[in-house]
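The structure appears below as structure tokens.
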Amino acid sequence: MIYVGGVPFPDDSSSSSLSSSSQGNSQLLNLMKHPLLVSSSDSFKNLKEQKVSFEECGSERTTKGRYVYLFQREYATVDPALVDFAGTDEATTCVGLVIRNRKSGMTSLAHMDSPKVVDAGISQMLSLVLDDNFETELDVHMVGGFEDIAIKHSNDGDQHAKPESYSFPLCCKLVETLQKRRESFHIQTLCILEHNTKCDAQGNTYPIFNGCLVEASTGSIFPASFDRSSRCPDEIVRRIRVSVSYEDSNWEGKLIDTYDTKTDRFVIAPCSWTIRLVHIAWNLRQLPDEEILRTCSTSPSAEGPDFINNERRVWDYLLRYPEWTKTFPRRQPRLFERTTNGDWKRC
């Protein structure tokens, strides 16, 4: 059940005249117009974006603290006794979802990329956040997605062109799932879709923010961006796991679990890739930059400046290690533990 300002949000499911998808659309649009959430979105947009970097600056890092970073389709639940911040970025049509237990401070963050992973994904997020009963008060933040309507032209011409959006169906599914569950979800931030959209002089739309950072001890949330040094540990292998997970039935409809909450370690479970994926990587590697954007992104005009380079680094790795057993010998996970200064080391 969704709450706004401590008050239950009306549930349109009682109207038999509306289809399930229409109910989800109606609930989302009504939430987007709620005065408290409009105000909170405006306040969020006035915050300074946190730029996270682990690069050395003299003898000190430019960012201090114990971080957990998440890539697309990953999630992690963090204990404020062990972790200071959890964050994600590189979201255009994706949404960063934060669910936090008001009492214990246990905080779960996910980088949602598809309506297909929402139902099971939220259950995964709640597994270590809920208390022993369903009366837990949960604060919720959503950041990401934008007005990404693109026109898809049919072979017969423009008369059959129809709009297609990635952000809107995902946001609808998130709201629909939270509303139908029995837990109490208090929406605090809803910086999504029109609240997270800007336009250039040509009328092209872009997300205002591509990432967020949540402070585990307080639950405060900030817009954020990360550089390559802070997207760790095991960046390339984790990026590959995202691609491989779409063809792995074990991950169907689920978020990817990479972080162990109780031990404060990253456990990168083994995944395998076929020679077919290596051939695909080789073919994609030959494409010009503009074609890579059109082929590999749901929002080609809105991607960050390092998108193409990140894709090429993944393909280079696959071409260098076509046999997955070189990455996961004896099918063992890759383990990373935190050092005294907050970095990660392979163990």
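What follows draws every value from the coordinates through simple rules; no lab data is involved. Keep in mind it's a predicted model, so treat the numbers as computed, not measured. Positions of Cβ are generated from backbone atoms using ideal geometry, with glycine treated the same way; all protein chains shown enter the neighbour counts.
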statement: antiparallel share of DSSP beta bridges within the chain, to nearest 5, in %, is 70 percent
Packing-based exposure ordering (other Cβ within 10 Å, fewest first) of LEU70, LEU47: LEU47, LEU70
message: Among the listed pairs LYS33/LYS262; LYS64/LYS262; LYS116/LYS345; LYS103/LYS198, which have their C-alpha atoms separated by more than 31 angstrom in this model?
response: LYS33/LYS262; LYS116/LYS345; LYS103/LYS198
- request: For an R0 of 25 angstrom, estimate the FRET efficiency from the Cβ-Cβ distance between GLU247 and ASN309 and round to the nearest 0.05.
  value: 0.55
field: Simple label model, 7 Å out from Cα along Cβ direction - ASP79 to ILE149, nm
entry: 4.8 nm
- request: Determine the distance separating the Cα centre of the stretch 36-115 from the Cα centre of the stretch 274-310; give it in Å without decimals.
  value: 26 Å
message: Given axes a ≥ b ≥ c from the Cα gyration tensor, I'd like to know whether the stretch 206-347 is rounded (a/c under 1.5), prolate (a/b larger than b/c) or oblate.
response: oblate
Modelled FRET efficiency - R0 30 Å, GLN332 with ILE275, Cβ distances, 0.05 increments: 0.85
- request: For n ≥ 4 DSSP H runs only, could you compute -39500 (n - 2.57) per run for the chain, divide by its residues and tell me the 222 nm figure to the nearest 500?
  value: -8000 deg cm²/dmol
